[in-house]
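Structure, as structure tokens:
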Amino acid sequence: MKTTPSAYQSSAISYQNGSYFATPARGYRAFARAVAPRKAITVSQWSDVERRLSSKGSAEAGPWRTDRNPPLREPMDCMSARSTVREVALMFPIQFGKTEVAINALGYCMDHDPGPVMVCLPGEVSMNKWVAQKLNPAVDESPAMKRALTSVASRDAANTRTFKDFAGGQLYIEHAGSPSRLKSTTVRTLLVDEVDEFANNLSGGDDPLEMLNGRTSAFPATYKRLYISTPQIKGLSRIEQLWAKSDQRRYHVPCPHCGHMQHLQWSGLHWTPDASACWYVCQECGASIDEHHKQAMIAAGEWVPGNPGAKMRGYHINCLYYQFGLGPRWLDLVEMWREAQNDPARLKTFVNDRLAEPWEDAAMRAVRHNAIADRAEPYKLRTAPMGVCYITAGVDTQDNRLAVQLVGWGAGMAFWVLDYVELPGDPADDAVWAALTELLNTPIQHASGATLRVDAYAHDMGGHRTEAVKHYVRQRRVRRPMAIFGAVANNAPVLGKGKMADVDWRGRLDKRGVLTYQVGTVAAKHWLYGRLSTDAEKDSDTRVTHFSDELDPSFFAGLVSETFNPAKNRFEKRRGARNEPLDTWVYAYAAAHHPELRLHRHTRADWERAAARLVAKIDEKTGQEYYGTSADSSEINSKKTQHANTRPRATSHADDGWGFDRRD
């Protein structure tokens, strides 16, 4: 039988021009392709060739096209094998494709640059949703990703919901809800989604993000980390913190009229009173830019760093860059903005999800530490200015020190911070308690010449030195001591009812033992922040809050170290801040509510009586110093009359009360 050329199509023999000749076998060609250097491509190039979008999670199913959303190209390419960038932070709005950046980077690692990879989500629910809605459709629709997997069988140990083995690497899918899930895993590439939803601390006190970063330490020269999220609360936002230390890139686009490169800001968008039309105003030429120019502008745009030189790459973009068909139009965004104006919750959602900016409550903007430090007044520490009638103290216990704050109180609950000091020493040792006793029992010089003592003090007994605090309070070395602890309930009063904590030898509560009080820290901090906010525009004579210019700058940072989280209805500490100045102020404020003082319930008459007692102290001191026992009555009366003309009088230091001021 005659052999036809078609019979040799798959053999090592080639038929050409009526002749047969030998060619290299397919096995040699396959081997050559295997050992040949892999062509260097970027994540965006790989995605344009290999990635397919599923109709389960995309409005435009089919082949991935980076040109459809050009701002995603550079962030994706930072995750390429040849890129020198090691860490990338994306502070993006919702539905802008930030998760697709992570999926493309994952597919690139599985197919082109294999190695161990971990994807981490905030919790178990979000992890399961990510696997079902993002990962599985991407693997099913993208042959390159499916081909890379060792097995696609659902019951194979190499292909489980949270672990997938692929040629040259492994994929771990974890959530940040448990410390055990973040340990004992070494990866080269770390992809972290919705990082702002991570817990501040895990059950063991560890920071989940730092634990994740440690997973890549075995690859010091080749590791890659990608952090993705929309921001939440200013000061608490993890992605904001990462963005702040990055090179802070924004996407600049050219004006279609003058060509000026600028990044689009929400403040640049204008609309008619009825919101029937909107336009963007160029920062340079002032021309109106209609939305139909947006696509061409974005195609010609580029990322421009605002903090060049930083090691981390940071990218921020907002809702004005949504491509047609991939997000709301400008008019739709204007409508959302207008509808949210009278609803703080909706406004916060718009700022976070659409503008991709951290939310800051209006009241919190006026309590920034530098603004408060600028209002500091020229009075000396441990000297009570005119207006102070009582002094209370708050003490916070740390393992190696005691933080103490002295606060003076006047009419209308106006307050003056008189001192803030940290006493070094382990509270388990007697030395630091002796120093505290001396500090609290030392009289405070009043500006009028009299002296004042600490009227009450509150000591936090939380932490590792609870029994040491209770023992000190039980000894009553200072006036009106209180052992306190923070209330769990968010709506707890500033100072709760005292409870007996000691028992006698019969096992019954000891009435002579220590009383413990719970403190409503949320209520106290709201009171403080509210006063700091309202005092922002007032002069020193009408303020309720007063601070000495001798206080260390770190005190002011610590005083406003926490910000209110409306989602949890609690105050949370800003990252990296020390909050002892705030805590000790809260405790001093709670001490002012002591059952024997109740300064918050004082009427004007009560403050007048307190002022009269202070004047009596001045009279007594003046008489002892100037009258003497041998002076005749005329000399005494003369000096009394002279001194009466120099007594302090009432002035309006506070809106609802008065303080002391010396006559001219």
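The values are calculated or read from the model by the stated rules, or taken from the named source; none is laboratory data. Predicted model only: the values in this text are computed from it and were never measured. Using ideal geometry, Cβ is built from the backbone for each residue, glycine included, and neighbour counts are taken over all protein chains shown. These area figures cover heavy atoms from the full protein model, side chains too; ligands, DNA and RNA do not enter into them. Shrake-Rupley method; radii C 1.70, N 1.55, O 1.52, S 1.80 Å.
General remarks:
- Calculated on alpha-carbon atoms, Rg and Dmax of segment 251-346 in Å: 14.7, 46
- When the inverse distances between all different Cα atoms of segment 374-463 are averaged and flipped, the Kirkwood radius reads 13.8 angstrom.
- Summary value for segment 233-304: 31 percent relative contact order, contacts being C-alpha pairs under 8 angstrom separated by 6+ residues.
- Counting only protein heavy atoms and using a 1.4 Å probe, the accessible area of GLU360 comes to about 30 Å².
- Accessible area expressed per residue, segment 291-373, with surrounding protein chains retained (probe 1.4 Å, Å²): 48
- Against the chain, whose longest principal axis comes from its Cα atoms, helix 344-353 is set at around 40 degrees.
- Residues whose placed amide H lies under 5 Å from that of PHE571, excluding near-sequence neighbours: ASN565
- Largest accessible area first, the listed residues PHE219, PHE547 line up as PHE219, PHE547 when surface is computed with a 1.4 Å probe on the assembled protein chains.
- Given LYS56/LYS568; LYS499/LYS568; LYS98/LYS234; LYS164/LYS224; LYS511/LYS617; LYS98/LYS348, the pairs whose alpha carbons are separated by over 30 Å: LYS56/LYS568; LYS511/LYS617
- Note: segment 114-271, Cα convex hull, 192 Å³ per residue.
- Long-range HN-HN contacts of GLY486 with modeled amide H, under 5 Å: VAL519
- Each residue of segment 54-185 gets 129 Å³ once the volume of the Cα convex hull is shared out per residue.
- Carbon/sulfur fraction of accessible area - the chain, other protein chains in place, 1.4 Å, %: 49
- The charge dipole of segment 548-598, taken about its Cα centre with unit charges on the Cβ of Lys, Arg, Asp and Glu (plus for the first two, minus for the last two), comes to roughly 420 debye.
- Cα-based helix-to-principal-axis angle, 633-644 vs the chain, degrees rounded to 10: 20
- Residues LYS56, LYS568, LYS499, sorted by accessible area with the largest first, give LYS56, LYS499, LYS568 [1.4 Å probe; ligands and nucleic acids excluded].
- Across the chain, the mean sequence separation of Cα contacts (distance under 8 Å, 6 or more residues apart), normalised by length, yields a relative contact order of 10 percent.
- Degrees, to the nearest 10: 521-534 long Cα axis against longest axis of the chain: 80
- Protein-only accessible surface order, largest first, of TYR108, TYR390 at 1.4 Å: TYR390, TYR108
- Residues of type aspartates and glutamates that LYS129 reaches as a straight line, Cα spacing below 20 Å, ignoring anything fewer than 8 places off in the same chain: GLU100, ASP140, GLU141, GLU174, ASP193, GLU194, ASP196, GLU197, ASP353
- With pairing defined as another cysteine C-beta under 4.7 Å, the cysteines of the chain that fail it are CYS78, CYS109, CYS120, CYS278, CYS319, CYS389.
- On a per residue basis, segment 444-582 carries 49 Å² of accessible surface, using protein heavy atoms and a 1.4 Å probe.
- HIS471 accessible area, 1.4 Å probe, all protein chains in place, Å² to nearest 10: 100
- DSSP bridge pairs, the chain: antiparallel proportion in percent, nearest 5: 55
- Solvent exposure of ARG51, expressed as accessible area, is near 10 Å², computed with a probe of 1.4 Å over the protein chains only.
- Local electrostatic count at ARG578 - Lys and Arg +1, Asp and Glu -1, tallied over other residues with Cβ under 13 Å: -2
- A straight Cα-to-Cα reach below 13 Å connects LYS380 with the aspartates and glutamates ASP419, ASP549, GLU550, ASP552, residues fewer than 8 places away in its own chain not being considered.
- Largest to smallest principal axis extent of the C-alpha atoms in the chain, angstrom: 150, 72, 38
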